[in-house]
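Student: Structure provided below as C-alpha cells; questions to follow.
The values are calculated or read from the model by the stated rules, or taken from the named source; none is laboratory data. Remember, it's a predicted structure, so these values are computed and weren't measured experimentally. We place every Cβ from the backbone using ideal geometry, glycine too, and count neighbours over all the protein chains shown. With ligands, DNA and RNA removed, areas are computed over all heavy atoms of the protein, side chains included. Shrake-Rupley method; radii C 1.70, N 1.55, O 1.52, S 1.80 Å.
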Amino acid sequence: MSLLVVGLSHRSAPVSVLERAALTRESRARLAHDVLAAEPATESAVLATCNRIEVYADVDKFHAGVAELSTLLARHSGVALEELTPYLYVHYEDRAVHHLFSVACGLDSMVVGEGQILGQIKDALALGQELHTAGRLLNDLFQQALRVGKRAHSETGIDKAGQSLVTFGLEQLAAGTPVADWAAGRRALVIGAGSMSSLAAATLARAGVAHVAVANRTLERAERLAAILTEPGGPGASGFTASAVPMDAVPGELALADVVVSCTGATGLVLTADAVRAALAGRTNGSGPALALLDLAMPRDVDAAVHRLPGARLVDIESLAEASADAPMAADVDQVRTIVSDEVAAFGAAQRAAHITPTVVALRTMAADVVASEMSRLNGRLPDLDDKQRAEITQTVRRVVDKLLHAPTVRVKELAATPGGAGYADALRELFDLDPQAVAAVSRADTRADRHTTAREPA
C-alpha cells in the first residue's frame, strides 16, 4: 500500500491560516486533477471541511509525493509554500489509514465525536468518483472509513462525548444557560442553505426559537429549507414558523433577529462590522447581548471586529477551537480507538491479500493454458478417443492441476495478508516464471471493473 496524506487542520495550524487556505469546490476539483496529473500519483481525493484540508493520493515515491502534494496544496490554497509547510502533517501507508479512520469517528474533530464529518468524507469520495480521480485504493479506503465511523457511533457512546459544531456553538453563546431556555421564543436568522446551515436551522427549531428566517443567494434553496422546517412532524414545536428571504433582505432581518448563524461558501465577508453596528443601533433589549452571532464558515462570514461591538456576542471557529480544547473526553473514546486500530489492521490485511490476487489469477490462467495445450497434443496422438473418453481425461487432468494449486494458492493469500507479505507475490511470479505483463493485465482489468462498480455504489 502506497497511500499518502498531506494536510493541515485545527490541530496543526492556527485558524487564520486555515481560513486563508480554505478551498471552494471548484478549487478542490482542480487540486484533485492536478495531483493525479503529477508523476508520483495514480489516484487522488481531497477532504476539505471548516477545520481541515487534506489531500489523499496513491503514490509510487514517498518523498517526491510529499513534495508534489505540498506544492499543489500551497498553489491551490493561495498560501505560500514556505508559510504553509510548518503547519502541514504527513501520514503514509498504515498511518494514513489510521488517520482517516480516526477522522471518520470524530476523534480528530474540533468537537470530539461529532458526526458531520461522515457527510464530508462521503462528499470527498463522491467528488473523487465524479472526477474519476479515485481508483480502487481510495474507493476502498473512503468506503471503509464511512463504515468504521458508523460502527463507532453505533457500538459506543462517542456521540455523548461530543456534539455538532452547531450545538457546541450555541452552548457557547448560551454561556452556561441551557440552550432550550436561552433560545425559547427568540427569532433567528440563518444565512446559507447548505448542510451546516440546514443543521443549524433544525437545531434552532428544536431548541425552541419562535421563528427562523433563512437567507440564501439562491432563494429556491432557502424556500426549500423553510418548507422542510415547517412541514408536519418537523423539528419545530407548535407555533414555530420559518420564512425564506433573499440576501439583500439580510440587513432588515438582522435588525429583527436575536440569534444569527452564518455558514456560506462566500470568499468575502457576509456580515461586516458596520452592518452589525447598524442593526444594533435601532434595537432595544433587556439584559444580556442584544444579538448573538455564530459564524461557522471558513473563511469567516462575520467580521472579527464584531467581537468589539457593545451589545453583540460573536462565537466563531477560532473561539470554538479555544473552547473545545478544554472539553472533557468521554471514556468511550478509548473504545473507539480500539475499533480504529482493529479496522486499520483488517484493512491492511485485505489490501495485502488483494495485491496477490492478480498473481494467483495469472498462475491459474497459465495452468489452464498448459492443460489445454496438453489436451490438444493428446488429441493428435490419440485421435480415436470418443467424446466421453476425451471429456473424462480432460476433467481428470484439470482436477489434478486444481488440487496441486489449491494448497499453495490458499496459503500464499494467507501469508500475503500478514505484515511484510507483499513479497510473496514476487516469489510466486519467480517460482512459476509468470509473465509480468499477464499479471499487470489482470490488475488493470480488476481496477477498471472496480471503478465502474464503486462509481455506482451508494456511500
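Student: Please quote Rg/Rh for segment 175-324 to two decimal places, taking the Kirkwood radius as Rh and restricting both calculations to Cα atoms.
Tutor: Numbers: Rg = 14.3 Å, Rh = 15.3 Å.
My calculation of the ratio gives 0.93.
Student: On to the next question. About the Cα centre of segment 176-237, what is the dipole size in debye to 20, counting +1 per Lys and Arg Cβ and -1 per Asp and Glu Cβ, all else neutral? Each step should come with its number before you reach the end.
Tutor: Working: 6 positive and 4 negative charges, 25 e Å.
That gives a dipole near 120 debye.
Student: Something else now. Which angle between 0 and 90 degrees, to the nearest 10, do you get for helix 116-131 versus the longest principal axis of the chain when only C-alpha atoms count?
Tutor: Relative to the chain, helix 116-131 is tipped by roughly 50 degrees.
Student: With the Cα gyration tensor of segment 56-108 giving a ≥ b ≥ c as the square roots of its eigenvalues, does the rule (a/c under 1.5 for rounded; else a/b larger than b/c for prolate; else oblate) give rounded, prolate or oblate?
Tutor: Oblate.
Student: Label Ala281 and Ser238 with points 7 Å out from Cα along Cα→Cβ: what is the distance between them in nm?
Tutor: 4.3
Student: While we're looking at this one, here's another question. Binning at 10 Å from 0, report for segment 20-120 what percent of all alpha-carbon pair distances ends up in each bin.
Tutor: Spelled out bin by bin, segment 20-120 gives 15, 47, 35, 3 percent.
Student: Return the FRET efficiency for the residue pair Val401, Ala427: r is the Cβ-Cβ distance, R0 is 25 Å, and the value is rounded to the nearest 0.05.
Tutor: Working: r = 20 Å, r/R0 = 0.80.
Efficiency, rounded to the nearest 0.05: 0.80.
Student: What are the aspartates and glutamates whose alpha-carbon lies under 18 Å from the alpha-carbon of Lys388, with same-chain residues fewer than 8 places away excluded?
Tutor: Glu374
Student: Sticking with this one: Above 22 angstrom, tally the Cα pairs of segment 97-193 and express them as a % of all pairs, no decimals.
Tutor: 43
Student: Measure off, as a whole percent, the carbon and sulfur share of the 1.4 Å-probe accessible area of the chain, all protein chains present. The partial results should precede the final answer.
Tutor: On the way: 11430 of 21410 Å².
About 53 percent, which is the carbon plus sulfur part of the accessible surface.
Student: Next question, about the same structure. Write down the radius of gyration of segment 185-268 and its Dmax, each obtained from C-alpha positions, in Å.
Tutor: Both quantities, over Cα of segment 185-268: 11.4, 38 Å.
Student: Separate question: Please report the accessible area of Thr230 (heavy atoms, 1.4 Å probe, ligands and nucleic acids excluded) in Å², nearest 10.
Tutor: Approximately 70 Å² of Thr230 is accessible to the 1.4 Å probe.
Student: Per Stokes-Einstein, at 4 °C and 1.567 mPa s, what whole-number D in µm² s⁻¹ belongs to segment 113-255, with the Kirkwood radius over Cα pairs as the hydrodynamic radius? Before the final figure, lay out each step's value.
Tutor: Numbers: Rh = 17.0 Å.
Here the translational diffusion coefficient equals 76 µm²/s.
Student: Mean residue ellipticity at 222 nm from the helices of the chain, using -39,500 (n - 2.57) per DSSP H segment of n ≥ 4 over the full residue count, to the nearest 500 deg cm²/dmol? Intermediate values should be presented prior to the final figure.
Tutor: Numbers: 19 runs with 263 residues, N = 459.
So the helix-based figure for the chain works out to -18500 deg cm²/dmol.
Student: Using a probe radius of 1.4 Å on heavy atoms only, what accessible surface per residue do you get for the chain? Whole Å² is fine. Display every interim value, and only then the final one.
Tutor: Working: 21410 Å² over 459 residues.
I get 47 Å² per residue for this part.
Student: Jot down the per residue volume, in cubic angstrom and as a whole number, of the convex hull over the alpha-carbon atoms of the chain.
Tutor: Details: hull volume 83.5 nm³, N = 459.
In the chain, the Cα hull volume divided by residue count equals 182 Å³.
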